[in-house]
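Okay, so here's the structure we're looking at.
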Amino acid sequence: MERPAADRDAWNNFRRAAGSVISQVDTDLQQHLRVGYTDVDALLQLSAAEGCCLRMAPLARAVSRSPSALTRLVDRLEDRSLVERRRNSPTDVSVEVTGAGRDLLAEAAPRIIAKVEERFWSRLTPEERDTLSSICRKLMDERPPDC
């Protein structure tokens, strides 16, 4: 079924806007902390998990990465002592954020907040923020909508 032009525009604008903000955050993190947005996202997911630890498959889903891409990401973080891997079995590996990883998150958080405020929130009215939040919650809801 062919979507109306307004629907295509809405999707493309959403995708480009999100990509632009994330790119700006990533550039700032790379420049000042030598770490990327996806790396920080993985550390955030780990720090929010019970015991600050996740198995590789749930972590890959949480950061929208393939298993091989996540392995490379964890390799980078482990090289900087930001995470530790624990082998539970030959095929079951967990990743835990370290104290150094939590310290990096503490440094990254104000940078991310400032960049998101500058590139995102400051451009929206309070009503637009509420509407966007509501739309995003709806988009993340895994239940099919009632028809």
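The values are calculated or read from the model by the stated rules, or taken from the named source; none is laboratory data. Nothing here was measured: the structure is a model prediction, and the numbers come from that model. Virtual Cβ from ideal backbone geometry, glycine too; neighbours counted across all protein chains shown.
Here are some notes:
- Total residues in the stretch 97-131, condition free of Cβ contacts under 8 Å to residues at least 40 places away in the same chain and either surrounded by 17 or more Cβ atoms within 10 Å (Cβ to Cβ) or in contact with a strand residue (DSSP E or B) (Cβ under 6 Å, 6 or more places away or on another chain) (or both): 1
- Scanning the stretch 6-58 for residues that are basic (K, R) and either surrounded by 16 or more Cβ atoms within 10 Å (Cβ to Cβ) or within 16 Å of E84 (Cα to Cα) (or both) yields one hit, R55.
- Selection of the stretch 21-43 for residues being closer than 26 Å to L124 by Cβ and not in a helix (DSSP H, G or I) yields only G36.
- Leading residue by the ranking (surrounded by the fewest Cβ atoms within 10 Å (Cβ to Cβ)) among those in the stretch 59-72 that are part of a helix (DSSP H, G or I) and of a type in the set (G, A, S): S68
- Taken over the stretch 87-108, the criterion of being of a type outside the set (S, T, Y) and modelled with pLDDT under 95 is satisfied by R87, N88, P90, D92, V93.
- Residue that is farthest from the chain's Cα centre (by Cα), among those in the stretch 81-96 that are closer than 15 Å to A60 by Cα and surrounded by 18 or more Cβ atoms within 10 Å (Cβ to Cβ): S94
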